[in-house]
Amino acid sequence: MAYKRNIDRLPIIPAGAKEHNVTCHYCIVGCGYKAYTWPLKTQGTTDSNWSGEDLSKQQGAETAAWYSPSMYNVVKQNGKDVHLVIKPDVDCEVNSGLGSIRGARMAENRRSDITGTQQQRLTDPLVWRYGTWQPTSWDDALDLVARVTARVIDKDNENDLYVSMFDHGGSAGGYENTWGTGKLYFGSMKVKHCRIHNRPAYMSEVHSSRDMGVDELNYNYADYEVTDTIFLVGTNPMECQTNLFLNHMVKGMQNGAKVVISDPRRTVTVDSCEQVAGAENVLHLAIKPGSDVALHNTLFTYIADQGWVDADFIAKSTFQGDVAVPADSAYPASLGSFEAARAACKMSLADGAAATGLTEAQIIQAAEWIAKPKEDGSRRKCVTGYEKGIIWGNDNYRAIGSLLNIALATGNVGREGGGCCRLGGHQEGYYRPSDAHVGRPAPYIDQLIIAGGGKVHHIWANDHYKTTLNAAEFKRVYNRRSNMVKEAMDARAGATREELVDAIVAAINAGGIFSVNVDIIHSQIGQAAHVILPAVEAGEMNLTSMNGERRLRLTEKYMDAPGSAKPDCLIAAGIAQALERVLREEGRDAYADQFKGYDWKTEEDAFMDGYNKGNPEVTYERLRAMGTNGVLEPVKGFADGKLVGTNRLYEDGVFTRHGREDGKALFCMGEWRGWQAAGKAQQQANHRFFINNGRANMNWQNWFLDQGNEFVMDRFPVPFIQINPEDMAELGIKAGDMVEVYNDVGATQALAYPEPTAKRNETFMVFGAPNGAQGNIVNAGVNELILPNYKATWANIRKISDATPASAAVSYKSWEVEL
Amino acid sequence: MKCNRLVDVGRRQFLRGGVLGVAGAAAATVLPAGQAQAQTARAMLDYPSTKLANIADLKVNEPMDIGYPDAESPGILLKLGTAVEGGVGPDGDIVAYSVLCPHKGFVMSYHGADKTLNCPGHFSRFDCEKGGQQVWGHATQNLPQFTLRVDDKGDIHAEGADELIYGRLSNVLQG
């Protein structure tokens, strides 16, 4: 039986309840919500309440006067228990009152000692003592971190300190926290060995777009509503950017837009587009995995050959000449003019069809929908959205560059109804000192750790164990190296701090690694940690982020942090202050001086120290007044009591992201070259199944909390793998059976979910699961700039168990709606 | 308040929400015997016991429209044809659900081929054979299922619900 809460009544929000601006902290879209709090022993009535509606009556569809049990909780606010309701905001332009299956559970996914939710949240610093983690004070924990760290760093060499740190907004990120960590590691220190939360090095995911002069978030969501064609590449917005799809793309389709979707898999997005626009207005290009560059180059060639380009735009706004930037170790393809790119990327319809598995007619159809002028001769507007299908797919640099070539050639950047943007994962909220010292290509941190690199490892909301490639080997090595330190600490139980630090340093000099884990829960890599520091999320602190259209908003703090947990920026400040003190004690005054400047009391202090310095118009007070609609970055000024933003980038046709003084966009000269990353072709040849992988609606961006959420774990007790039913029959696998997915680099497990639309021998497995890490079977292959290629994975599949009782109880029906 | 007036209120309500049509076969809506009113705050509400139909009225895989706990809350009574967990009746296959999508309250339609309820608003779908589990969708809860009792005469009574029904902060409306 499906999980039911057996809650059949909720307290009514009273008139006058405290109201807080909330931006959903899970995905990039950043839907607007309002959090209401009020004292525990009070509530509104059916005729006197926050909504003004008569709640003794049934409310109609899409009412703002209803909230679900998942939108309710009891939390602490200023030390007192209060009712909390977090419900979608009908006045927010992003979502217009729509909630997603993720965001509409924000309240339920808060820690509560009253309702018992999210007891997995960390409440106190923990230090490895007496063979397990013991709670302790911040002073004690930070002192140990600082003393061990100070032993491996020096003014001119910080290369033995490895740092894994999130760079995103939303969640526990945001401008406050990226600045806190950034100031520590890139300001006070110049840490070179660092990586980002979902990839094994510290770099952009969209180098080519930036190198071509185009920031990857250049439109606004309303562009989808006024376009002629929506071109979606390697992205599944119905699941992963749900209310961007429902509140903007759907409106575009209702206004007549056609849709072209390039994806090897028939996603829910394809079905939903067909429902809205009619199948005749949706073209699904089910390409061979990894053939994106071939598709894009063929489209580009065909469109250019037909003359369906914006010649004025090309002349005025793009580089004229031949090669502007030659390919080298930092540039995986040359960049240059339109004509130079035409020559380099030239691909015939026949070659394109052979490489992609499409028909020539399909490619022509796509080209017409993307670029063919209308009957009256006017240009066609096309907005392009892409995401992990190409970011984490084959040949990242060229795949994105070749896609952007099409948008630039057709004049679809910086124009209404245009844009060529990634759809994104988390929100953004990056404000840090320069990372130039990291280098390009950046060091491949996970492989360096496997090879014995790093002595002290600071981890900020990264869980390599779930979300890295080559994860099986990484875990084996990391467990062994961190255990060396645990054993050394255990052997010196009862020793003084000095003796303990000496023992730890001896262990790390012998090949161990000292692991400091900052997170909101006890993560999987946190099992290897020696010190664990509890952080908070948006809502437990004030937090600013921007969404996928650069919409900057402040989520107001509406509840207390769990226990003594703190914002990451203040934890970073605490580490800096502890390092300064320890270094000074050790007589290293010049180095200690570098760790001054962290006397922040609140996250707002960190915001003012960082983001506000670069954007002096933007303050908490002004953002608060802008509500859930916020302002689109970059902020240009403040007038009439409002922040003034930027509706769309590059409306003046001047492209700047690459830093070129001429302001001209560049084209990517990247020819199709098959599998780019090492070991992919060989793995494909030696295994039966393509293990495509990605996210699912329910637990995208929130699985870390949802592993403690019964509604979610009831639906998918184990991560699923969608397999064609005939393939299942051949292997003797029934729906719900536990299968092992194994190959040359590792193995993982999944629940078999029959998917009739899956191509034979092409599966889809959900990525980033807590109990079945798909990364175990992804090989170490990366692109020239260390972008991981998670998508290109092949493996064999065998049954290891009949369905467990939990797996047997769930539905295995199709995800496609039947109306 | 008379039952037929309740029906009218319900219709206006759904029209106002922009939702047309109701689920399933065109059977007459079965109304509860009396107006249900919660009197005091309790952990679980007192539900009306409402006769929905007799077993003899049901045809396999043809949902009957019902209203429970009152006429403004549309649902279906359904004989699935195969026993399911939580099913009642001699064959263990009779279930009843709210048909208001718990995401945004659109009235869902029944798809007999795979025994699911499907939402026209944003395409969520729920499995009538798995306790109303959301197969895929945006709702943050599974579908409210009505507790059923079959008496000696084969009459089917609804006596409760296991999730909050869309559009009401108390399943049994309070005055």
Cα-centred dipole magnitude for chain A, charges only on beta-carbon of K, R (+1) and D, E (-1), debye, nearest 20
840 debye
Over the whole of A:65-76, what's the average partner chain Cβ count within 10 Å per residue? Rounded to a whole number, please.
3
At R0 = 41 Å the Cβ-Cβ FRET efficiency linking A:Arg760 and A:Lys18, nearest 0.05, sits at 0.15
Farthest towards the positive end of the dipole of the stretch A:539-691, among A:Thr646, A:Gly587, A:Gly614 and with Cβ unit charges of +1 on Lys and Arg and -1 on Asp and Glu, lies the Cα of A:Thr646
Any lysines whose Cα falls less than 18 Å from that of A:Lys316, other than same-chain ones fewer than 8 residues away, would be A:Lys664
Using 0.36 nm per residue, how much length does the chain from A:Thr45 to A:Glu375 gain when fully extended, once their Cα-Cα distance is taken away?
112.9 nm
Give me the Å³ per residue figure for the convex hull around the C-alpha atoms of the stretch A:393-547.
180 Å³
If you average over every viewing direction, what projected area does the convex hull of the Cα atoms of the protein assembly as shown give, in nm²?
40.3 nm²
In Å and whole numbers, how far do the C-alpha atoms of the stretch A:693-786 stretch along each principal axis, longest first?
40, 37, 22
Helix-only [θ] at 222 nm, chain A, -39500 (n - 2.57) per DSSP H run of 4+, per residue, nearest 500, equals -7500 deg cm²/dmol
Cut-off under 26 Å on the C-alpha distance; same-chain residues fewer than 8 positions from A:Lys18 excluded. Which lysines are left, in chain and number order?
A:Lys34, A:Lys41, A:Lys57, A:Lys76, A:Lys80, A:Lys87, A:Lys557, A:Lys566, A:Lys601, A:Lys642, B:Lys104
Taking the Cα centre of the stretch B:127-175 as origin, sum charge times position over the Cβ atoms of Lys and Arg (+1) and Asp and Glu (-1), and report the length of that vector in debye to the nearest 20.
200 debye
Kindly report, to the nearest 10 Å², the accessible surface of A:Arg760 as traced by a 1.4 Å probe over protein heavy atoms only.
90 Å²
Dipole of the stretch B:92-160, Cα-centred, from +1 at each Lys and Arg C-beta and -1 at each Asp and Glu C-beta, to the nearest 20 debye?
340 debye
Among A:764-770, A:78-84, how do they line up by average Cβ neighbours within 10 Å per residue, starting with the highest?
A:764-770, A:78-84
Farthest toward the dipole's positive end in the stretch A:627-783, which of A:Phe720, A:Asn693, A:Ala747, given Cβ charges of +1 (Lys, Arg) and -1 (Asp, Glu) about the Cα centre?
A:Asn693
Average projected area of the Cα convex hull of the stretch B:92-161, in nm²?
4.9 nm²
With the dipole of the protein assembly as shown defined by +1 on each Lys or Arg Cβ and -1 on each Asp or Glu Cβ, the option from A:Val90, A:Gly674, A:Val456 whose Cα lies farthest towards the positive pole is A:Val456
The A/B contact buries a total accessible area, at probe radius 1.4 Å and rounded to the nearest 100 Å², of 5200 Å²
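How much FRET efficiency would the formula 1/(1 + (r/R0)^6) give for A:Arg688 and A:Asp312, where r is the Cβ-Cβ distance and R0 is 41 Å, rounded to 0.05? Working shown, then result.
Numbers: r = 51 Å, r/R0 = 1.25.
So the FRET efficiency works out to roughly 0.20.
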What average count of beta carbons from other chains do you get within 10 Å of the Cβ of residues in B:123-135?
6
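What accessible area per residue comes out for the stretch A:1-118, rounded to a whole number of Å², with a 1.4 Å probe?
Result: 32 Å² per residue.
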Looking only at the stretch B:86-112, which residues have a backbone nitrogen under 14 Å from a spot 7 Å from the Cα of A:Val90 in the C-beta direction?
B:104-105
In whole percent, how big is the carbon plus sulfur part of the accessible area of chain A, probe 1.4 Å, protein atoms only?
48 percent
Per-residue Cβ counts within 10 Å, from other chains only, averaged over A:98-104: what number is that?
5
Setting aside same-chain residues fewer than 8 positions from A:Lys734, which lysines have a Cα under 19 Å from its Cα?
A:Lys759, A:Lys799, A:Lys813, B:Lys130
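The values are calculated or read from the model by the stated rules, or taken from the named source; none is laboratory data. Not measured: the values here are computed from a predicted model. Backbone-built Cβ (ideal geometry, glycine too); neighbour counts: all protein chains shown. Accessible surface areas use protein heavy atoms only, side chains included; no ligands, DNA or RNA. Shrake-Rupley method; radii C 1.70, N 1.55, O 1.52, S 1.80 Å.
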